[in-house]
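Student: My questions all concern the structure below.
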Amino acid sequence: MSDDDSGAAVAGPDGGLRCPWALSTEDYVSYHDEEWGRPVHGDDALFERLSLEAFQSGLSWITILRRRPGFRTAFAGFRIASVAEFTDADRERLLADAGIIRNRAKVDATIANARVLVDWAPGDLDELIWSHAPDAATRPVPKTLSDVPAVTDESTALSKALKKRGLCFVGPTTAYALMQACGLVDDHLADCVARQG
């Protein structure tokens, strides 16, 4: 956070203003500048983000970010078709893997979600998620962190739609974090160098 804790954009090492959360570690700076808020498409790519957001629930994002390579290895690159075929032996392997978060409910949810998604038509997950993107022209641009919501009407609707289609561990807060991470919304602060619009 900034020295004044106002939640406004803060100058980074290069002098560029950034969202305050992005400056606590080099990992965050890179993720913030190059990934967060950039459009993500493709069922497998969105399944990965959805799964990682679920694993993040109750933890800091940096914990997940630093373990992302381990997650990708453990979950077969988050290829839906591969994860859908995971067996009880794979589940036990995951629960013993120190390279990921070994939370039984989250591991089970990831496998269960893949088993649901494998029966969807190609592109269905992408289409469903992106159909909940709000109109950027009607969204106020956040000036400070206090202007950034944790849940919106759109994330609540997305959560309900995903649950209705059989997915789990996809509450409204997780759905909104997914929307932020995958570029459905641009919650970079108004003065942030990474803001697209």
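The values are calculated or read from the model by the stated rules, or taken from the named source; none is laboratory data. Note that the structure is a prediction, hence the values are computed from the model and not measured. When we count neighbours, we look across all protein chains shown, and the Cβ atoms used for this are built from the backbone with ideal geometry, even at glycine.
Student: Given the structure, is ALA121 touching a residue at least 24 places away in the same chain (Cβ under 8 Å), of a type in the set (A, V, I, L, M) and surrounded by fewer than 17 Cβ atoms within 10 Å (Cβ to Cβ)?
Tutor: No, not satisfied.
Student: What's the total number of residues in the stretch 129-139 that are closer than 16 Å to LEU178 by Cβ and either outside any helix (DSSP H, G or I) or touching a helix residue (DSSP H, G or I) at 6+ places or on another chain (Cβ under 6 Å) (or both)?
Tutor: 5
Student: Right, here's the next one. Can you tell me which of (1) more than 14 Å from the chain's Cα centre (by Cα); (2) without any contact (Cβ under 8 Å) to a residue 24 or more places away in the chain; (3) surrounded by 14 or more Cβ atoms within 10 Å (Cβ to Cβ) is the one LEU52 doesn't meet?
Tutor: Every condition holds for LEU52 apart from (1).
Student: Given the conditions (1) farther than 25 Å from ALA105 by Cβ; (2) free of Cβ contacts under 8 Å to residues at least 40 places away in the same chain; (3) within 18 Å of the chain's Cα centre (by Cα), report the number of the one that GLY42 does not fulfil.
Tutor: (2)
Student: Here's something else I'd like to know. Taking the conditions exactly as written (assigned to a helix (DSSP H, G or I) and in contact with a helix residue (DSSP H, G or I) (Cβ under 7 Å, 6 or more places away or on another chain)), does ARG115 satisfy them or not?
Tutor: no
Student: Sticking with this one: Would a scan of the stretch 125-146 turn up a residue that is in contact with a Leu (Cβ under 6 Å, 6 or more places away or on another chain), crowded, with 20+ Cβ neighbours inside 10 Å and of a type in the set (A, V, I, L, M)?
Tutor: Yes: one or more hits.
Student: Please verify whether SER6 is part of a helix (DSSP H, G or I) and polar (S, T, N, Q), treating the condition exactly as stated.
Tutor: no
Student: Grab the helices (runs of 4 or more DSSP H) fully contained in the stretch 9-88, keeping just those with 1 or more residues being in contact with a Cys (Cβ under 9 Å, 6 or more places away or on another chain).
Tutor: So the answer is 26-34, 43-56.
Student: A further question on this structure: Among (1) outside any loop (DSSP other than H, G, I, E, B); (2) under 19 Å from ALA190 (Cα atoms), there is one condition PRO142 misses while meeting the rest; what is its number?
Tutor: It fails just one condition, (1).
Student: Also, I was wondering about something else. So which residues in the stretch 163-175 are part of a helix (DSSP H, G or I) and surrounded by fewer than 18 Cβ atoms within 10 Å (Cβ to Cβ)?
Tutor: Once the filter is applied, which keeps residues that are part of a helix (DSSP H, G or I) and surrounded by fewer than 18 Cβ atoms within 10 Å (Cβ to Cβ), the stretch 163-175 yields LYS163, LYS164, THR173.
Student: If I filter the stretch 152-162 for residues that are in contact with a Pro (Cβ under 8 Å, 6 or more places away or on another chain) and assigned to a loop (DSSP other than H, G, I, E, B), do I get at least one hit?
Tutor: Within the stretch 152-162, one or more residues are in contact with a Pro (Cβ under 8 Å, 6 or more places away or on another chain) and assigned to a loop (DSSP other than H, G, I, E, B).
Student: May I ask you to list pairs of residues, at least six apart or on different chains, whose Cβ atoms are under 9 Å apart, with the first in the stretch 154-170 being within 20 Å of GLN180 (Cβ to Cβ) and the second being among the polar types (S, T, N, Q) and in a loop (DSSP other than H, G, I, E, B)?
Tutor: LEU158/SER131; ALA161/SER131; PHE169/SER57
Student: Right, next: Go over the candidates GLY166, GLY123, GLY197 one by one and state the one that is modelled with pLDDT under 95 and either touching a strand residue (DSSP E or B) at 6+ places or on another chain (Cβ under 9 Å) or of a type outside the set (Phe, Trp, Tyr) (or both).
Tutor: After ruling out the rest, the residue left standing is GLY197.
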